[in-house]
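Have a look at the structure below before the remarks.
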Amino acid sequence: MNATKRSPAPYAVIGIFTGLLLALVILVAAENDPSWVLGESTLADLGVSGVKFTADLFMYGSIIAGILVFVFGIGKAYVEDGCSRASGIMAVLTGIFLILIGYYTADLGNGNVNETVTWLFFIFMALAVILSVFGDWAEGKRINAVIASVLIVVIIGVAVGKPVGYIEIASIACFVLWLFSEGAKMAVDVKAAGSNPETA
């Protein structure tokens, strides 16, 4: 049955590239705003930074990264099954809300829209990671399942007694690692398929 599906190769590349892009956007944006303090400031603060470069980078970077997460999620839902497919659907929704984070910055209106889409982004991000644990485990991808499980535990641990800004950054870091992990898994699947003529 898997022989009828498209190769996960392009989605593997997109997943890994998206993780790298998201990390660079936040790191560079934060580095160029001296008023942004790790653990105290939030991601929303980057979008309304007094440093134009930081605000623009975060806005456009979030939109571009969101589009890529959206595409990655579509690919994941298309080439995988079960909970992994559901994880892909959650990634699609994660991408949509990441796009909206870049579009609806905290200085629009009273900031409620930005707060809402940010919460939804993190909720669907968490669901994508959680569902991938069950999907990867069922497919025999034990390493990926363990990595995702560890990332979930890390986020839960950080959420206890830490300020919102710290939790956001830790969650983004875990999401970036998850994208790397899932992208690498797809890359391995491509190599395995290439060495097995029956799946070609």
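Assorted remarks:
- Potential lengthening between Phe134 and Val188 on full extension [0.36 nm per residue; Cα-Cα distance subtracted]: 17.6 nm
- Excluding exposed DSSP-loop trypsin sites (Lys or Arg not before Pro) (at most 16 other C-beta within 10 Å), longest clean stretch of the chain: 7-200
- For the pair Leu20 and Tyr60, the difference between a 0.36 nm per residue extended length and the Cα-Cα distance amounts to 12.9 nm.
- Placing unit charges on each Cβ (+1 for Lys and Arg, -1 for Asp and Glu) gives the stretch 1-78 a dipole about its Cα centre, and among Leu22, Thr54, Val71 the Cα reaching farthest toward its positive end belongs to Val71.
- Inter-part distance, the stretch 138-176 to the stretch 92-126, computed on C-alpha centroids, equals 19 Å.
- For the chain, the number of Lys pairs separated by eight or more positions or lying on different chains, with C-alpha atoms closer than 22 Å, is 9.
- FRET efficiency for the pair Glu31 and Asp107, taken as 1/(1 + (r/R0)^6) with r the Cβ-Cβ distance and R0 = 25 Å, rounds to 0.70.
- Rg to Rh, two decimals, where the stretch 1-77 supplies the alpha carbon set and Rh follows Kirkwood: 1.16
- Evaluated with a Cβ-only charge set (Lys, Arg +1; Asp, Glu -1), the stretch 9-190 carries a dipole of roughly 340 debye about its Cα centre, given to the nearest 20.
- Calculated [222 nm] ellipticity per residue, helices only, for the chain: -27000 deg cm²/dmol; basis is -39500 (n - 2.57) per DSSP H run with n ≥ 4, divided by all residues, nearest 500.
No value in this document is a laboratory result; all are computed from the given coordinates. No experiment lies behind these values; they were computed from the predicted model shown. Note that each Cβ is placed from the backbone with ideal geometry, even for glycine, and that neighbours are counted across all protein chains shown.
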